[in-house]
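Working notes for the structure below.
The values are calculated or read from the model by the stated rules, or taken from the named source; none is laboratory data. The shown structure was predicted, so the numbers you read here are calculated from the model rather than taken from an experiment. Cβ atoms come from the backbone with ideal geometry, glycine included; neighbour counts cover every protein chain shown.
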Amino acid sequence: MSLPVFRFAPSPNGPLHLGHAYSALLNHDLARQAGGRFLLRIEDIDRERCRPQFERAIRFDLEWLELDWEEPVRRQSDHFDDYRAALDRLIEAELVYPAFLSRGDVRGFIAEEEAQGADWPRDPDGAPLYPTIERRLPRRERQARIEAGAPFAWRLDIDAAMERVSGRLDWQEQGSGPAGETGTIAADVRAWGDFVIARKDVPTSYQLSVVVDDAIQGVTHVVRGRDLFHATSGQRLLQELLGLPAPVYLHHDLILDDDGRKLSKSQFDTGLDALRSAGLEPHDIRRMVGL
């Protein structure tokens, strides 16, 4: 029987704060309690915002918290070929299409639709769903735009994708969602519409890379904040389309600031470096996050 595998997967685009500490500590503790493995993964596909100094700081903070993990650490920017292979499978299966509308184009299109009385659908984060008007662009026109250098993103055709799914998609939730959901959760696969799978210059997105990474690394338990609860639906769909295993999920409470807002990397007063400089020790951080 294989060992349980947990992972902490931060993006090196800023300093770690208390919320990150809670997630890292919880994953580490659960892995040790289960006699399993604990992995660190660096999710750095955003090459504009991710910086080597932040990755070094992440390692320093986690070592200071007295965590240990397996080496080598998987860094997403070193594995674009893995994501490209998964993307190519979706392209070949005609489950994705190149989407050329700019943000301004999308806003204008939706404004016109709403002016005519349409109640435009929105995703769980409140953003309007992407229009589906490009799904049936002729192949010749798509290719001409790509060859002309037009910016585009590969988006999942949710209708085509759902035709490939047999039965209900769900996942096992050991934590709880925003409304207290737990147990077997039905995936709301249409909630995100035709979401982004990859971009012209980066052959992946968060949704695609995370399911590919979890499968390659044999992750059995995904433990992360409740803010990613709804994203699980899209990830379960990609796992099904690519024939990847589904981990067990545990969405934990978020560490909030004094105003009840989710912590941000821009809030340096909750950063681990600032707390360490103020004289706090690892056991103080555990106490502050409820561990």
_Residue under evaluation residue 213, criteria (1) within 22 Å of residue 178 (Cβ to Cβ); (2) in the same structural domain as residue 154 (by TED's automatic domain parsing); (3) not aliphatic (A, V, I, L, M), criterion not met_ = (1)
*Residue by residue through the stretch 1-27, note down the ones that are within 15 Å of residue 220 (Cβ to Cβ) and either in contact with a strand residue (DSSP E or B) (Cβ under 7 Å, 6 or more places away or on another chain) or of a type in the set (Asp, Glu) (or both).*
3, 4, 5, 6, 7, 8, 9, 27
*Residues satisfying the stated conditions in the stretch 131-160, i.e. exposed (fewer than 15 other Cβ atoms within 10 Å of the Cβ) and either of a type in the set (Asp, Glu) or without any contact (Cβ under 8 Å) to a residue 12 or more places away in the chain (or both)*: 136, 138, 139, 140, 141, 143, 144, 147, 148, 149, 159
*Could you grab the pairs with beta carbons closer than 7 Å, sequence gap of 6+ or different chains, first residue in the stretch 57-83 and more than 13 Å from residue 21 (Cβ to Cβ), second one among the aliphatic types (A, V, I, L, M) and part of a helix (DSSP H, G or I)?*
82/212; 82/216; 83/208; 83/212
*From the list 202, 189, 165, which one is within 23 Å of residue 231 (Cβ to Cβ), outside the structural domain of residue 48 (by TED's automatic domain parsing), over 16 Å from the mean Cα position of the chain (by Cα) and of a type in the set (Val, Ile, Thr)?*
165
*Candidates 61, 82, 29, 68, filtered to the one that is surrounded by fewer than 13 Cβ atoms within 10 Å (Cβ to Cβ) and either at pLDDT 95 or above or assigned by TED's automatic domain parsing to the domain that holds residue 161 (or both)*: 68
*Which of the helices (runs of 4 or more DSSP H) contained wholly in the stretch 60-172 include at least 3 residues that are within 23 Å of residue 189 (Cβ to Cβ) and touching a helix residue (DSSP H, G or I) at 6+ places or on another chain (Cβ under 9 Å)?*
80-92, 158-163
*Go through the stretch 142-183 residue by residue and tally those that are over 20 Å from residue 90 (Cβ atoms) and either touching a Gly at 6+ places or on another chain (Cβ under 6 Å) or among the acidic types (Asp, Glu) (or both).*
4
